[in-house]
Each structure stands twice: as structure tokens, then as C-alpha cells.
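Only one structure is covered here, and it is reproduced in the block below.
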Amino acid sequence: MKKITNLKEFACTPDRFQGGHRLCPGCAHSMIVREVVNATDDDLVISTATGCLEVCSAIYPYTSWDVSWIHIGFENAAAAISGAEAMYKALSRKNKLYNEDRRVKFVAFGGDGGTYDIGFQSLSGAAERGHDFLYVCLDNENYANTGGQRSSATPIGAHTSTTPRGRVSYGEKQKKKDLTMIMAAHGCPYVATAIPSTKHWKDLATKAAKAISTVGPTFINALSPCTTEWKFKPEETTEIADLAVETCAFPLYEIEDGHKLTITYRPKQKIPIEEYLGRQGRFAHLFKPENKWIIEEWQKNVDEYWDYLQRREEAGV
Amino acid sequence: MATPKEMLTTWDKVQFGAVLPAFEDPEHKVRSKFHSYNYSVADWRVEKPVFNRELCIDCDFCWVSCPDSCFIVEEVENKRGKKQAKIVGINYNLCKGCGVCVDVCPTPIKSLLMFPEYIDNEEALKQWPKKD
Ligand SMILES: Cc1ncc(C[n+]2csc(CCOP(=O)(O)OP(=O)(O)O)c2C)c(N)n1
Ligand code: SF4
Ligand code: SF4
Ligand code: SF4
Ligand SMILES: [Mg+2]
């Protein structure tokens, strides 16, 4: 496992995901990806589901990757990486590896649409079969690449192109699906949540290093604030991510062996959820008097979940 | 056995299980002309970040949060002989002008500031706010 010490040393890592890609200015996807691929010195084989990351980092004839990389379908990043990993194991068994002296790790990236929704069956299958890989979900809470449709990661009240706000609609009706816990329930040896931010850079890099070096299926759910669809200014990306953590809208924690939960960051004082919602255009309508109940609902959900995490950590089960 | 470069020339040279580096010349880390590193997104920008070496404390916050891998670092040794990254510049071919780096820069007078694209960097440094 690569030792993640301080940022001054980490920044000496030669980047393996390069610029010149066509993600929006201020996009969080690339911040997360850079940290993940820089968190190991091993060789990497990466599969990426269709979505903003894949489309923007592989516009023909260009690539932004300094690692072996495969674009597969929208629904099967986990299946593709399972296949690559299984082949690698088989070749290793037969002593037929090409780069014998090198250690190879397998990582898949998918958006929330490609992970919570359409790619869930292949992810669930890969976790169940127990392949040795890390799956990173870049959770921007909508299908950003196709114009911002809702997904099962979209939180209640959010305006998206398929849950528009208006006279009769207040936006998304359902609560966000808790995919991190669902992956833990698969018995994965390591699952965690993370955000891209300067304050929590080490949290993300350490979790990635840990997940990559853990044998077996591991999962990181990374919140990826999307300037275009969440409607905030591009320079605010990391501020919005920090607010998600400080309000406990997206708590940072990890779960080992499917059950042992540790909260990796505890805000000194949980701040009201309005501070997070109010900074994003997709929630602007919630501040109208008739929608006040949704903000209350949000706060209630956040409080309950934070209590639940603390109780689980305390119980150590 | 075929070298990575040979393996990339024709499909039948690719070895099962090989890990291919993205470099045309892996030894010298020369990226191919089809690497996005050699593409320019400079025309996306209306404002550019300007870097002031005098004020920078090398916290590397800008390096870790830049979505476009723009910050050019030089590996140096600190007093205790530990390696650390020193920021030496911005790759303006890759910068889209998002402003994240300026937002995260923690020095009391920022070591990074946004300026209109048409202003020369030397001129920008002259206009830098002073301590009062
Ligand atoms: C089977 C299939 N259905 C639909 C699409 C069209 N499509 C491409 S990207 C995308 C949305 C991706 O959303 P998400 O996974 O959340 O990634 P994001 O773009 O938000 O990063 C869709 C619907 C597709 N490529 N394949
Ligand atoms: S739409 Fe959102 S996720 Fe997609 S590239 Fe733009 S900021 Fe990134
Ligand atoms: S403005 Fe954005 S793209 Fe340009 S160097 Fe700063 S963070 Fe990177
Ligand atoms: S964030 Fe500011 S102080 Fe820190 S390394 Fe970058 S320019 Fe220097
Ligand atoms: Mg998405």
C-alpha cells in the first residue's frame, strides 16, 4: 500500500490522468480520478462506464489516460473489469504473464447512473463473485452526460430535466438510494464514502490506497459536485463538497468486512442543511414558502442518518 | 518479445495480459500526439489564473484540486531531506480558467489570482494587491 503522508510528498506523484480532457471547467470527476490513480504506484487497468468521464477523456483520437484503459458500455464497467482481472489471474496461474515483475491493480469508474441504476447488476455480480478490484462511483446525483436526468442517487427536491420544478412539481420525489450500505451488505472487505476537497484530500487518497491494496471487491462512493447540473459557479466545486460534509448531507465514513463502521470525519458543529441547499440552483425553489416542508424533511433525513451512523460506530457491529 | 511501441503498431503484436504504457517513448515519457496532454483547451478561457511565486508557500492545494492537472511541479528536497513538490508554473494549454485553484489558495494575499486573458503575466504581477 502506498504510504500517503503529506500533500507536499503526494504532489510529487507523476499524474497518470492528464489534462486536455473535455470535462466542464471545475468538474469534480477529474479531481477524484486524479487522486485515486495517484494513490498507488502499481500498474493499473481501468474500465470506465459511459458517462461524462468516459466521453470527455477519450474523444477520438485522444486519450487522457497514462494507464491501460477500456471504455465499455454504460451498464458493464464492473463486468469488464471482472473479466480483465479473471484473465490476469488465469495467466498468472499458468506463468504466462507478460510483465511478471509488475503488480497490476484493477479499478472501475462509473457515474451514479452507471452504478446506482443501470450498472448495478454487473457491480453486484462482480462483488458477489469476489473479484479483486476497486469500483469508484462518481456520484453527481444525475445523468449529467445526457442533459441531467434524475437517477436513484438524486436527492429529494432536486430539480433535474426529468423531475422539473414548476407549478405542480417540487422536483425529485424520492429519497436518495443508500448505495454505500448496499455494497457493504454484499460483504465487501472495504467500502467508503469520499469527497474531492483540499480539507479532505488525505481522506480520499488514503481510502483509495487502502481500497486498492485490499484483496477482494472494494467500493468507494465519491460525491462529485457538478457545476453544470447542480448550478453553482465552477470555482465553488470544493466548497460545495465541503458543505455536503459539514452539514452531514454526505458523511465521510468507511466500513470494513461488511460491518465495522468508522466515521472518518466528524464536523465540529453540524451546520443547517439550508447552507448546502442554498448554494445550488437545483434547490432554489425549495426556499419558496410552499416548499418549506421539503427542507424540513431534508434536515430530518440528515439528522436521522447521522444518528444512525454514530450509533453503529459506537456499537461496533 | 515485442516492445510496447511495437505492440501498438499492429494488433497481432499485442500480448495477452500486457500492460501498455500510454507513452510513445516510455523511457523518456514522451506522450503521443494523440494524448490529450498535447491538445489545447486554452480557448475555453476568458480569465486565466496568474501564479505569484513570491507569495506561494507550496501547500500544493492548487495541485490536488485542479481538475485539469495544470500545475507544474518540481521535486525538491526540504531541510530534513524529505522530497516535496514545489509549484513552478501553470500549463496554460490545459487550463480552462475555472478558478478552483484561486478559491483554494490559502495565503493571506492569494498566490493565485484571476486576470483577464489579454493581460500579460508580468503586468498582472505588478498589479498584485499589496499588504497595507
Ligand atoms: C445502454 C445505454 N443507455 C443509454 C446510454 C446513454 N447515456 C450515455 S451517458 C448517460 C448518462 C450517464 O450518467 P452517469 O452514469 O450518472 O454519469 P455522469 O455523466 O453523470 O458522470 C446515458 C444515459 C448509453 N450510452 N447506453
Ligand atoms: S456535466 Fe457535470 S459531471 Fe459532466 S463534465 Fe460537466 S461538471 Fe462534470
Ligand atoms: S483555473 Fe482551473 S483549470 Fe486553470 S489552473 Fe486553476 S484550477 Fe486548474
Ligand atoms: S494553493 Fe497557493 S500557496 Fe498553495 S501551493 Fe498553490 S499557489 Fe502556492
Ligand atoms: Mg451522474
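The values are calculated or read from the model by the stated rules, or taken from the named source; none is laboratory data. Predicted model, so just to flag it, every value in this text is computed and none were measured. Reconstructed Cβ throughout: ideal geometry from the backbone, glycine too, with neighbour counts over all protein chains shown. Accessible surface is based on the protein model in full, side chains and every heavy atom, while ligands, DNA and RNA are left aside. Shrake-Rupley method; radii C 1.70, N 1.55, O 1.52, S 1.80 Å.
When the inverse distances between all different Cα atoms of the stretch A:194-258 are averaged and flipped, the Kirkwood radius reads 12.8 angstrom. Each Lys and Arg Cβ is given +1 and each Asp and Glu Cβ -1; about its Cα centre, the stretch A:68-184 then shows a dipole of about 60 debye. Averaging 1/r over each pair of different alpha-carbon atoms in the stretch A:156-295 and inverting the result gives 16.3 Å, the Kirkwood hydrodynamic radius. Close amide H partners of residue A:69, meaning residues 5 or more places away or on another chain with modelled amide H under 5 Å apart, are A:46. Largest GNM mean-square fluctuation across A:150, A:103, A:16, computed for chain A with C-alpha springs under 10 Å, falls on A:103. Partner lysines whose Cα lies under 23 Å from the Cα of residue A:288, excluding those fewer than 8 positions away in the same chain, are identified as A:173, A:175, A:176, A:231, A:233, A:300. Cross-link partners for residue A:3 among the lysines, with Cα-Cα distance under 19 Å and sequence neighbours closer than 8 places in the same chain left out: A:105, A:199, A:202, A:207, A:210, B:82, B:83. Cross-link partners for residue B:130 among the lysines, with Cα-Cα distance under 16 Å and sequence neighbours closer than 8 places in the same chain left out: B:110.
The residues A:31, A:1, sorted by heavy-atom accessible surface at 1.4 Å with ligands and nucleic acids left out, run A:1, A:31 from largest to smallest. Within 14 Å, Cβ to Cβ, of residue A:211, how many net charges do the neighbouring residues add up to if Lys/Arg are +1 and Asp/Glu are -1? Once all neighbours under 14 Å are counted, the net charge is -3.
For the pair residue A:274 and residue A:93 in one chain, pulling the backbone fully straight at 0.36 nm per residue adds 59.6 nm over the alpha carbon distance. For the stretch A:167-255, the list of GluC sites (Glu not before Pro) that fall in a loop by DSSP and count at most 15 other C-beta atoms within 10 angstrom is empty.
By DSSP, the beta bridges lying fully in the protein assembly as shown are antiparallel in about 45 percent of cases. Put a plus charge on the Cβ of each Lys and Arg, a minus charge on the Cβ of each Asp and Glu, and nothing anywhere else: the dipole of the protein assembly as shown about its Cα centre is then about 300 debye. Sorting the Cα pairs of the stretch A:7-315 by distance into bins of 10 Å, from 0 upward, gives 6, 28, 36, 22, 6, 1, 0 percent per bin. A Förster radius of 30 Å combined with the Cβ-Cβ distance from residue B:123 to residue B:76 puts the calculated FRET efficiency at roughly 0.55.
Using a Gaussian network model of chain A whose springs link C-alpha atoms within less than 10 Å, name the residue from A:219, A:17, A:109 with the highest mean-square fluctuation. The residue that fluctuates most here is A:17. Largest GNM mean-square fluctuation among A:45, A:37, A:136, using chain A with Cα springs under 10 Å: A:45.
Counting only other chain Cβ atoms within 10 Å of each residue's Cβ, the peptide A:221-230 averages 0. Over the protein assembly as shown, accessible surface divided per residue gives 45 Å², non-protein components excluded, 1.4 Å probe. Taking GluC sites (Glu not before Pro) across the stretch B:52-108, the ones in a DSSP loop with at most 16 further Cβ atoms lying within 10 angstrom of their Cβ are B:54. Distant-in-sequence amide contacts of residue B:72, defined by a placed amide H-H separation under 5 Å and a gap of 5 or more residues or a different chain, comprise B:88, B:89, B:90, B:91.
Taking the protein heavy atoms of the protein assembly as shown in the context of the full set of protein chains, the accessible area attributed to carbon and sulfur is 54 percent at 1.4 Å. Taking every residue in B:42-49 and counting other chain Cβ atoms within 10 Å of its Cβ, the average works out to 1. In order along the stretch A:77-93, phi translates into HN-Hα couplings of 4, 5, 5, 5, 6, 4, x, 4, 5, 5, 5, 4, 4, 5, 5, 5, 4 Hz, rounded to whole numbers, per the Karplus curve 6.51 cos²θ - 1.76 cosθ + 1.60 with θ = phi - 60° and x for Gly and Pro.
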